[in-house]
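Sharing a structure, written as structure tokens. Questions coming.
Read the figures in this text as sums done on the coordinates, not as results from a lab. The structure displayed is predicted, hence computed values, not measured ones. Every residue, glycine among them, receives a Cβ derived from its backbone with ideal geometry; neighbour counts consider all protein chains shown.
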Amino acid sequence: MPAPVVAALYRSRVKLHSVRTHKSDENLPRDGQLAWAIAEVAVDPVPVTPEVTEMVINRVIDNAAVAAASLTRRPVVSARSQALAHPVSTGGDGATVFGPDAQTRVSPEWAAWANGVAVRELDYHDTFLAAEYSHPGDNIPPITAVAQHLAASRGLAGSDLVRGIATGYEIQIDLAKAISLHAHKIDHVAHLGPSAAAGIGTLLGLDPLTIFHAVGQALHTTTATRQSRKGEISTWKAHAPAFAGKMAVEAVDRAMRGETSPTPIYEGEDGVIAWLLDGPNASYEVPLPEPGEPKRAILDSYTKEHSAEYQAQAWIDLGRRLHGRYPQLADPANVVSIVLHTSHHTHYVIGSGAGDPQKYDPAASRETLDHSVPYIFAVSLQDGAWHHVDSYAPSRAARPDTVELWHKISTVEDPEWTRRYHSLDVNEKAFGGRVEIELADGTTIVDEIAVADAHPLGAHPFERADYVGKFRALAHGVLDPAEIERFLALAQRLPELTSAELGGLTITAAGPGILASAHAPTGLF
């Protein structure tokens with residue numbers, strides 16, 4: 001993304017919505033509640049700017065890329081098999097599922113589920129980090145599923161989908177800027193349920209009251225603990241955002257039928273803030289666009305060049321750089337210790353500050369390894385590269401020299417890197433840190449990196465050609481060449497798509513052999 005676009009983000013007009021808990025007898029009016037403010041943003045008919053439209057297209061391509069690479073992975077196969085057991089429901093034409101052909105349709109909430117797992121499985125799509133962290137691309141599967149389902153009956157077009165996605169990104173990112181969930185061990189998808197519901201509301205042109213209740217129900221059903229991202233991380237890590245998207249679709253359905261939500265969901269005496277977050281005395285200032293102000297938040301987010309937790313992106317790039325400059329670092333015999341001085345969040349979530357022995361375990365799950373910056377830095381130092389499959393292979397993780405080097409790497413919190421992590425100034429916000437390497441010969445190597453190479457302010461910012469290149473690379477061998485070109489051509493015309501064309505926003509695996517190569521488990525359905 002060009003630098004002038006980035007700079008423009010911070011000149012947007014926002015209205016700070018004050019949020020605090022209220023006792024029941026205070027009777028907080030509906031129009032004073034955060035869920036209502038979110039609904040008002042969703043119904044604002046402000047046009048989507050060209051820059052935002054271009055970025056929405058980029059992220060639709062990005063999501064499809066990482067989904068293609070994960071089509072035969074067990075959690076994705078499992079979620080897809082569940083979705084395929086739920087054929088088209090009444091009221092629409094159904095939605096597509098990544099992998100089968102576009103004529104295969106399922107009920108939209110199950111398409112949101114299956115496609116959400118496929119997008120998140122490799123931890124390889126976009127991110128936004130502030131008070132809370134997020135993967136706002138998780139909004140795309142549920143909003144797209146509803147668009148496909150109702151395209152014909154409601155006359156929805158690509159431009160409507162763009163507007164819905166822009167709202168989803170706006171709400172999740174604005175919530176992430178103001179309200180920390182992880183500080184209270186609540187999973188970050190609690191911001192995704194409301195954002196996806198709001199995005200669907202924009203897509204369908206729903207009224208504020210319906211969106212208000214959908215947002216409240218979506219939040220109420222998607223609050224869960226962070227144990228899914230602690231210790232031995234399970235496959236639920238990929239399912240959690242897909243579940244939030246599925247719940248958002250169902251919440252909108254209920255709200256459209258006139259069903260109401262717990263109110264006030266955020267501010268109530270027994271609400272989310274009082275009991276799950278900062279407590280009865282808490283207050284927040286949530287930045288939301290002024291009426292008539294374009295929804296630009298997607299431009300604040302950034303995608304991943306590497307398949308790993310976002311805070312590890314810059315460390316992979318620094319590891320690649322040091323590999324080229326100091327090849328001796330690949331041999332653990334030459335290294336006494338490696339200390340990564342970084343932010344509080346990086347140290348305590350993916351670093352040694354988490355206190356998780358699994359982050360140093362060669363037999364740990366892939367989900368655990370992609371949340372272990374000591375492992376990730378060790379492999380990038382040794383290989384000078386990162387691969388979404390090879391870098392996590394059990395044989396790679398168990399290599400004796402890697403294990404030895406890995407166990408010499410630790411993290412510490414540096415207050416300055418923590419400050420920069422939370423800075424609202426785009427020019428100093430940082431997700432990296434400083435490395436200090438003590439060598440066996442008594443010398444020390446010190447280097448640092450602020451942002452990943454692919455970040456808008458990094459060495460090689462991602463642009464359209466990079467998103468297309470990522471899609472081609474990850475889809476190679478999974479999709480036929482003609483299917484790759486078909487999808488790219490269609491996605492890049494997103495705002496011009498007709499109702500009939502929205503169903504083409506999916507990817508079909510190359511022949512039946514690709515999907516058949518992965519055993520589909522059986523369950524209740």
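Along the positive direction of the dipole of segment 435-504 (beta-carbon charges: Lys, Arg +1; Asp, Glu -1; about the Cα centre), which of 484, 450, 460 reaches farthest?
Value computed over the given set: 484.
With just the Cα atoms defining each centre, how far is segment 114-133 from segment 219-298? Give it in Å.
Rounded to whole Å, the Cα centres lie 16 Å apart.
Using +1 at the Cβ of each Lys and Arg and -1 at the Cβ of each Asp and Glu in the chain, identify which of 523, 346, 175 lies farthest towards the dipole's positive end.
523
Distance between the C-alpha centers of segment 142-216 and segment 463-497? Whole Å please.
For segment 142-216 versus segment 463-497, the Cα centre distance is 25 Å.
Let me ask something else. Quick one: compute the contact order of the chain, relative version, from alpha carbon pairs under 8 angstrom and 6+ residues apart, as a percent.
On the way: 1106 pairs, mean separation 115.7, N = 525.
Computed over the chain, the figure is 22 percent.
While we're looking at this one, here's another question. Taking a threshold of 24 Å on the Cα-Cα distance, which of the pairs 15/230; 177/237; 15/304; 177/295; 230/429; 177/408 fall above it? Working shown, then result.
Working: 15/230 35 Å; 177/237 22 Å; 15/304 30 Å; 177/295 15 Å; 230/429 26 Å; 177/408 35 Å.
Exceeds cut-off: 15/230; 15/304; 230/429; 177/408.
In deg cm²/dmol and to the nearest 500, what is the mean residue ellipticity at 222 nm of the chain if only DSSP H runs of at least 4 residues count, each as -39500 (n - 2.57), divided by the residue total? Mind dumping the intermediate values first?
On the way: 21 runs with 232 residues, N = 525.
Computed ellipticity for the chain at 222 nm equals -13500 deg cm²/dmol.
Still on this structure: At a 10 angstrom cut-off on C-beta neighbours, averaged per residue, how do the peptides 201-214, 285-298 rank from highest to lowest?
Values: 201-214: 23.4, 285-298: 19.4.
Final packing ranking: 201-214, 285-298.
Rounded to whole Hz and in sequence order, give me ³J(HN,Hα) for segment 158-168 from the Karplus expression 6.51 cos²θ - 1.76 cosθ + 1.60, θ = phi - 60°, writing x for Gly and Pro.
So the J values, rounded to whole Hz, are x, 5, 5, 5, 4, 5, x, 5, 4, 5, x.
Now, a different point. What residues have an amide H closer than 5 Å to that of residue 17, excluding those fewer than 5 places away on the same chain, when H is modeled at 1.01 Å from N in the peptide plane?
When sequence neighbours closer than 5 places are left aside, the close amide H contacts are 286, 288.
I need 347, 184, 519 ordered by Cβ neighbour count within 10 Å, fewest first. Don't jump to the answer; show the numbers that get you there.
On the way: 347 24, 184 16, 519 11.
Taking fewest neighbouring Cβ atoms as first place, the list is 519, 184, 347.
Percent relative contact order of segment 73-135, based on C-alpha pairs within less than 8 angstrom and at least six residues apart? Don't skip to the answer; put the middle values down first.
Working: 70 pairs, mean separation 18.9, N = 63.
Reported relative contact order: 30 percent.
Dimensions of segment 310-449 along principal axes (Cα, Å, largest first)?
42, 35, 25
Same structure again: So how do 261-274, 381-394 stack up, highest first, on mean other-Cβ count within 10 Å? Walk me through the numbers on the way to the answer.
Details: 261-274: 20.8, 381-394: 17.4.
Most protected by this proxy first, the peptides run 261-274, 381-394.
Could you derive backbone 3J(HN,Hα) for segment 459-472 from the dihedral phi with the Karplus parameters 6.51, -1.76 and 1.60 (θ = phi - 60°), listing whole Hz in sequence and x where the residue is Gly or Pro?
5, 9, x, 5, 10, 3, 4, 6, 5, 5, x, 4, 4, 4
Normalised by the number of residues in segment 310-449, what is the relative contact order in percent for Cα pairs under 8 Å and 6+ residues apart?
Numbers: 245 pairs, mean separation 52.5, N = 140.
Reported relative contact order: 37 percent.
Which angle from 0 to 90°, rounded to the nearest 10, does the C-alpha axis of helix 481-491 make with the longest principal axis of the chain?
60
Right, another one. Any idea what the dipole of the chain comes to, in debye rounded to 20, about its Cα centre with Lys/Arg Cβ at +1 and Asp/Glu Cβ at -1?
On the way: 43 positive and 63 negative charges, 142 e Å.
The calculated dipole for the chain is roughly 680 debye.
With unit charges on the beta carbons (Lys and Arg positive, Asp and Glu negative) and the dipole taken about the Cα centre of segment 3-300, which residue among 223, 39, 236 sits farthest to the positive side?
Toward the positive end, the furthest listed residue is 236.
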